Amino acid sequence: MFRSYIRRLSKSRFWLSKWLVAAVLLAGAFLIGSYLLATSDVDFDTFLNYFALGLLLFVLVTLFYGMLAIHDVPYDIARHRNHPHQDAIHAAGWVSLFTLHALWPFLWIWAMLYRPDRGWGFKHSPATDVNHSADPTEVEELRRRVAELEKRSETGVH
């Protein structure tokens with residue numbers, strides 16, 4: 001039962017489950033370190049040195065993992081929206097990772113442009129579309145006005 005719950009959690013809340021595991025590992029390391037400090041003859045300064053080293057490594061690994069996770073956000077959006085250019089966005093995300101995320105904002109925009117319900121633009125319903133066919137009387141009125149303006153410009157009357 002617990003195993004199926006963890007599977008469902010990792011599928012629905014993928015990033016949350018990874019951070020939860022990282023927090024549990026950090027807490028476990030802290031508890032093991034506290035136990036070793038209490039049961040061994042290691043002085044407190046040495047323990048703090050090792051703890052600071054462990055914390056520094058944890059922060060570096062977390063930052064590295066965070067950079068890898070952030071670069072994949074546009075691809076996740078594209079996959080969720082069934083974007084036709086998912087593979088290109090994913091490949092460009094890796095290229096962006098190696099160029100210090102210079103392309104990343106453009107990939108975000110590219111992934112957000114497409115939506116399955118409307119494609120690349122807005123979908124108009126027939127009820128809201130405006131009929132652009134011109135009224136014949138309106139066209140004649142415009143032709144008359146243009147002829148009058150041309151006549152004025154020829155004669156020099158303003």
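Can you say whether residue 55 is within 32 Å of the chain's Cα centre (by Cα), part of a helix (DSSP H, G or I), over 30 Å from residue 113 (Cβ atoms) and at pLDDT 80 or above, as far as the supplied structure shows? Here the answer is yes, as residue 55 does meet what is asked. For region 78-100, check the following and say yes or no: at least one residue is farther than 30 Å from residue 121 by Cβ and outside any loop (DSSP other than H, G, I, E, B). Checking region 78-100: at least one residue is farther than 30 Å from residue 121 by Cβ and outside any loop (DSSP other than H, G, I, E, B). Filtered by the rule that a residue be out of contact with any Lys or Arg (no Cβ under 9 Å at 6 or more places or on another chain), modelled with pLDDT of 90 or more and basic (Lys, Arg), region 70-125 gives a lone residue, 79.
The values are calculated or read from the model by the stated rules, or taken from the named source; none is laboratory data. What you see is a predicted model, and the numbers here were worked out from it, not measured in a lab. For neighbour counting, all protein chains shown are included, and Cβ atoms are generated from backbone atoms with ideal geometry for every residue, glycine included.
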